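Heads up: the structure comes next, in structure tokens.
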Amino acid sequence: MAGFPAEMLRLNGICPYFSMFPLDFPLAHLSQAGPGEWVLDPFCGRGTTNYAARLLGLPSVGVDRCRVAVAIAAAKMVQVTPEEVTALCARILQGGADPVDVPTGPFWDLCYHPDTLAEMCKVREALLRECVTAPQIALRAIMLGALHGPLQKNGAGYLSNQMPRTYATKPNSAINFWLKRGLKPPRVSLLEVVSRRAHRFFATIPPRTPGWIMEDDSRRLDEHVFPERFRWVVTSPPYMQMRNYVPDQWLRNWFLGGPPNVDYSYEGQIGQLRGDAFAAALAEVWRAVSRLCAPGARLVVRFGCIPSARYSGAEVLMRTLALADCGWAIREVRSAGPSTRGKRQAEQFGRAGTAVEEIDLVAQLEA
């Protein structure tokens, strides 16, 4: 991306996450923002909009219901050095008692070397007790990004046996895969992985800007929480009937205090709704967001539908704005191309070999 050194863009990739759009999407729109204009992403995911705002020196707030997403995005808002993160990790590993809660069973035996798992659990328990400082928030995101990934010949980049980086394989499938191929978990030095990743992602970062990331439902946002009215809303809502967010992130959810098994609950997730219920829920978000914005604010949305849907993303999105009936006047609707172009929210469905056409919509809040 023109104007930014490659090293400064690395932090945006601290943890792979399938629900995301490329960094150049929010950058292209927010480059038109004036100094000090506040930016909101009500479905912030891993915080790409917020990091784009930081790169441009703009204050921002990100909101998401998924605690994995919130933990990743929060790391993109902190000011910290690689040395501070590495030193914190070393103190945790060197001090205190052995971890209390170490999961057991065939999956855990095959996924992690026992010594590596013990180190992981020790760091996990320390961060569950407290995670408020910049080094703690950064270390948590580094751990989430290193929990699972491919085996590498040039040194351990991940803590697990062979696994995808973006999502965690379900236990039975993972066990069958490893046994069939005779794959055993390597002994990985957690401190070495953390140090390498801390220097990669935090060695060159932009100055910190005002703002924060919050775990909340964007339909229920309290306007009194925010110091200024937002001038920009840049986001990508979950696509209708897209229910993979929590189950596909089950290992990261465990690290953040969840159960050591797949959580298939969907409570509160807009994406799991269908038809009228989905449209009504998303309309609630647009109404809530409008109350937080100044007149003339811009709403920029990337959206699409899963391959099994019988309607277009443009139809669904325009319907939700019409239902909201709160002053968002559509200024532009155009194709964003197929989901295979760049890292898109619907790219996960490429497993079925289907590219999803996405659209970009721009609206303006009328007084």
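The values are calculated or read from the model by the stated rules, or taken from the named source; none is laboratory data. Nothing here was measured: the structure is a model prediction, and the numbers come from that model. Neighbour counts run over all protein chains shown; Cβ positions are idealised from the backbone, glycine included.
Taken across segment 213-227, residues that are over 23 Å from Phe21 (Cα atoms), over 24 Å from the mean Cα position of the chain (by Cα) and either assigned to a loop (DSSP other than H, G, I, E, B) or not assigned by TED's automatic domain parsing to the domain that holds Phe25 (or both) do occur, with at least one present.
Filtering segment 114-171 to residues that are in contact with a strand residue (DSSP E or B) (Cβ under 8 Å, 6 or more places away or on another chain), within 21 Å of Ala203 (Cβ to Cβ) and among the hydroxyl-bearing types (Ser, Thr, Tyr) leaves only Tyr158. Residues that are closer than 22 Å to Leu256 by Cβ and of a type in the set (S, T, N, Q) within segment 58-96 comprise just one, Thr86. Could you grab me the full set of residues in segment 154-183 that are part of a helix (DSSP H, G or I) and under 21 Å from Val262 (Cα atoms)? Matches in segment 154-183: Pro171, Asn172, Ser173, Ala174, Ile175, Asn176, Phe177, Trp178, Leu179. Taking (1) within 30 Å of Gly182 (Cβ to Cβ); (2) at pLDDT below 95 in turn, Gly3 satisfies each apart from (1).
Of all residue pairs spaced 6 or more apart or on separate chains, those with beta-carbon atoms under 7 Å, a first member in segment 241-261 that is at pLDDT below 90 and buried (at least 21 other Cβ atoms within 10 Å of the Cβ) and a second member that is assigned to a loop (DSSP other than H, G, I, E, B) and acidic (Asp, Glu) are Val246/Asp263. Selection within segment 192-208: residues that are among the hydrophobic types (A, V, I, L, M, F, W, C) and not in a helix (DSSP H, G or I). The member of this set that is surrounded by the most Cβ atoms within 10 Å (Cβ to Cβ) is Ile205.
Considering only segment 91-147, give the helices (runs of 4 or more DSSP H) lying wholly within it that have at least 1 residues that are of a type in the set (Val, Ile, Thr) and either in contact (Cβ under 8 Å) with a residue 12 or more places away in the chain or in contact with a His (Cβ under 8 Å, 6 or more places away or on another chain) (or both). Passing ranges, in order: 114-129, 134-146. With respect to Glu119, is the statement that it is surrounded by fewer than 19 Cβ atoms within 10 Å (Cβ to Cβ) and assigned by TED's automatic domain parsing to the domain that holds Ala87 true? No.
The residue that is farthest from Asp217 (Cα to Cα), among those in segment 277-331 that are modelled with pLDDT of 95 or more and among the aromatic types (Phe, Trp, Tyr), is Trp328.
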